[in-house]
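Scroll down for the structure; my scribbles are underneath it.
The values are calculated or read from the model by the stated rules, or taken from the named source; none is laboratory data. Quick caveat: nothing in here was measured; it's all calculated off a predicted structure. Cβ coordinates were reconstructed from backbone atoms using ideal geometry, including for glycine residues, and neighbour counts include every protein chain displayed. Each accessible area value is taken on the protein alone, full model and side chains, heavy atoms only, with ligands, DNA and RNA left out. Shrake-Rupley method; radii C 1.70, N 1.55, O 1.52, S 1.80 Å.
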Amino acid sequence: MMKEKLLENWLDKTTERSFTIPFSYLLAAEGHTIVHITRHCGMELGRDIISIAPDGIPCVFQLKTAKNGRITLSQWRDMNAQLVDLVTLSIPHPALRESNHHRSYLVTNGFLTEEVSVAIEGLNSSLESRNFPKLEVMVKGSILEKIRNLNIEIWPSELKDTKLLLEILTESGKSNIPKEKLVMLLEKILLLEIDKHENPSNAEIKRAISSCALLCGIVTSEFSNEENFFAEIEAWTIFSSYVFACALRYGLKKKIWKDEIEISQKVIYNSLNNLFEEIKGRSHFVEGDTLSDEPFFKGRITLLISLMSLFALWRRYINDINDEVEAEIRKFCLEKKDSLALWGEAAIIQYLAFFWYYRKIDGSCAPDFMLGQLIKAITELNKPREQKEQVVRFLASPYYSLEEIAPYLRGFADKPLNDFFLGQSYFLKGLVHLFVRRNWKQHIKSLWPDNTRIKYVSFEPERKWHYFLWRSMRGTNIIKAPKFTKKWEDLKEEANENQGKCIPNLMKQNPIFFLLFLLIFPHRATSSALRWLDSKLMKL
Amino acid sequence: MLPDFYKAKKKLREVLITYIQLAKKQHLGPFSDVPEIRFFEGHQRYMETEDGIKDMGPFHEAKAETKIDLKDFHNLSSIEFMAKIDKIAEDIAREQSKIGYDEIEKAAKKVGNVVDVKKKPLTVELYLEILERLFISFDSNGKLLLPQIVTGRREDTNKFIEIIKEVHTNFKYKQRYKEIIQRKKLEYDERKASRKLVG
């Protein structure tokens, strides 16, 4: 009952932007194949979602927020022309075959006034007389019915979990996704709690995945409303990762999870595109309160460069050729690269995303030297200090985000940092291997002595499916000291290994998505993962 | 329920936990300088040294408890309360130290770096024999960094103090000590020089 109230409340407050993704998942749960989801950039001419219904008929949906719970006559007049086009014009989409007809829907989170109902009847009579199909309407009641059919009973029902859901829903859309809270909910719904042993049927799991997708769409609503594109990217990457965990744990066939993953990847791609458009239109990159932005500014630029590099690589991967977009991305990344900031080890994967793109657009040795500079930085910042030597700079492990570590770097933390980073690194081994692959022997020789002072740290989850989890309570923390004396040939052999044994096969299907996964889960970027990814991306 | 002051108490609890973490350092002895690294996941650790020595082991729990008679709570003064908190810090430190010493003993036995005195008294000869077996470090200025000596009894500590005094005053022992340290410095420098990529 409480969950239904929560959903109804959410539906009442939702906007077109925040409703699009959850509604896409509702359609997918009914067997629709989602072909297009709007970026809300004004170019789609009212076609917010395009799908193919289970009977093979294409469907096009226009979503409209009902102000004060109802679509009024004045709103109707504003959208009338667009709706007529929706019904009468064919849908130009490469994924659709030439079709004589399609179904058109007006979808609203509220109800229609009587006048609007009459107006729609009138429109439909006119369309019928011209041999066009009717405009169908979905209102709040039918949407709630669809949601109920999705079996939201499987959402966590204990009070503390409902409280968790409320906390996420009431989070400011301008903040970062509260990952710890989100993953707790996902683990429960997708039956991924490590200490519990379940044996669900395929049907139960399919409902769980669909239901989870809806949940994720709902909890990201506020972030979508604020056009917080990175929060959307994070949330949907985490969702995808947890669906993969579920697929691996329960040995699911692809058809059970394929639709939800495809939609989430479309959403992520759209968010990257939206972010690109925003960056293009910006004259500066300060965000929010200016007074307190300084400690985060360069970290933001670093993140944006990595995301735009990823976007550029993704476009190459799917052959989405557009010279103008490519030129803009290139310009942004090259102009801003001097602002890259190494605030912690989690930033290294962001540097690497740029490196792999940089390597495509710059034939000089500059991209490779970036690797050398990163190695030098780690060995300098995290070198063991002599006793009593004051530690003023260090690189925090990749378990720390910028938001978590900035207070300690800049001295405005309100409690001491109970951790220690000197003498160890999660990324050093991988970086050394990438640099060695490029054959910079003399450079590596000069870096080697300092490299041997840093222990290589990594985490190996107990089971393959644990790899996809934000944190896994079962697994081995591995700390290895590199050998002092090493032969170049042995090092080369190690560096050229690219089997990616630590990476679950599900993740290997799409190297671009794997890079995105590592950007969000930097603590999973083992040296094996980096070598495999490097091999794949260099061939792109 | 009775009125609770949840938010303020939650904050205070965080402060007390931080206090315990800091206070226990005072009771950790030689381990107080050992950095504490945080692991965010996993249930065990695996370590491999540059010489190829491997060790796998679970995480150990260091915990402490204190008893407070709730019926007598109104008689508990702030000083008495903080004394209980300090005792928790001390007990956790003791547990941690025990774990630390157990691990050191295990590691030393594994590589055969144990000198069994077979209940014989501590002598200068024994001390020099121990020094021979140890890996000794030097700082960037070449200054000797001798490891700490930890004993279980006051009389052993006093004995070691006497022994070290004698090493530095007795000519014969002084010479032998000097030779040992020179050898150790050579070993250390060779080890340092072996940090290279060859071929």
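One table, with the values for the structure above:
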item: For the range B:164-170, Karplus couplings with θ = phi - 60° (6.51, -1.76, 1.60), whole Hz, Gly/Pro x; result: 5, 4, 5, 4, 8, 10, 7
item: Pairs from B:K109/B:K185; A:K441/B:K196; A:K181/A:K255; A:K179/A:K415; A:K3/A:K163; A:K486/B:K196 whose Cα-Cα separation, in the structure shown, is over 18 Å; result: B:K109/B:K185; A:K181/A:K255; A:K179/A:K415
item: Sparsely packed chymotrypsin sites (Phe, Trp or Tyr not before Pro) within the range B:94-199, loop by DSSP, other Cβ within 10 Å at most 15; result: B:F135
item: Convex hull volume per residue in cubic angstrom - Cα atoms of the range A:349-416; result: 109
item: Largest-first principal axis extents of the Cα set of chain A (Å); result: 85, 51, 49
item: Residue-averaged 222 nm ellipticity for chain B, from DSSP H runs of 4+ at -39500 (n - 2.57), nearest 500; result: -17500 deg cm²/dmol
item: R0 of 30 Å, Cβ-Cβ distance B:I161-A:F420: FRET efficiency to nearest 0.05; result: 0.40
item: Ellipsoid semi-axes in whole angstrom, largest first, where each is sqrt(5λ) of the Cα gyration tensor of the range A:244-307; result: 36, 15, 8
item: For the range A:225-299 versus the range B:112-190, the gap between their alpha-carbon centres in whole angstrom; result: 59
item: In nm, spacing of pseudo-spin labels at B:D102 and A:R282 (7 Å Cα→C-beta vector); result: 5.2
item: Inter-site label distance for A:Q373 and A:K539 at 7 Å from Cα along Cβ, in nm; result: 3.0
item: Nearby lysines by direct alpha-carbon distance to B:K119 (threshold 17 angstrom, same-chain neighbours under 8 apart not counted); result: B:K159
item: Long-range HN-HN contacts of A:T485 with modeled amide H, under 5 Å; result: B:K196
item: Extended-chain gain in nm, criterion 0.36 nm per residue less alpha-carbon gap, A:E335 and A:K508; result: 59.1 nm
item: Cβ-derived FRET efficiency at R0 41 Å, A:K179 paired with B:K143, nearest 0.05; result: 0.30
item: Cut-off under 5 Å, modelled amide H: who pairs with A:R103 long-range; result: A:C59, A:V60
item: Ranked order, B:F31, A:F111, A:F517 - accessible area, probe 1.4 Å, largest first; result: A:F111, B:F31, A:F517
item: Counting DSSP beta bridges with both ends in the protein assembly as shown, the antiparallel % (nearest 5); result: 50
item: Chain A, relative contact order [Cα under 8 Å, separation at least 6], %; result: 11
item: Sorted largest first, extent of the range B:58-199 alpha carbons per principal axis (Å); result: 69, 48, 33
item: Cross-link pairs A:K464/B:K7; B:K118/B:K165; A:K13/A:K337; B:K54/B:K98 - those with Cα-Cα distance over 29 Å; result: A:K464/B:K7; A:K13/A:K337
item: Added length on full extension, which subtracts the Cα-Cα distance from 0.36 nm per residue, B:T49 to B:V115; result: 21.5 nm
item: From phi via Karplus (6.51, -1.76, 1.60), per-residue ³J(HN,Hα) for the range B:173-186 in Hz, x at Gly/Pro; result: 5, 4, 4, 4, 4, 4, 4, 4, 5, 5, 5, 5, 5, 5
item: Distance (nanometres) between label positions extended 7 Å along Cα→Cβ at A:F132 and A:K67; result: 2.5
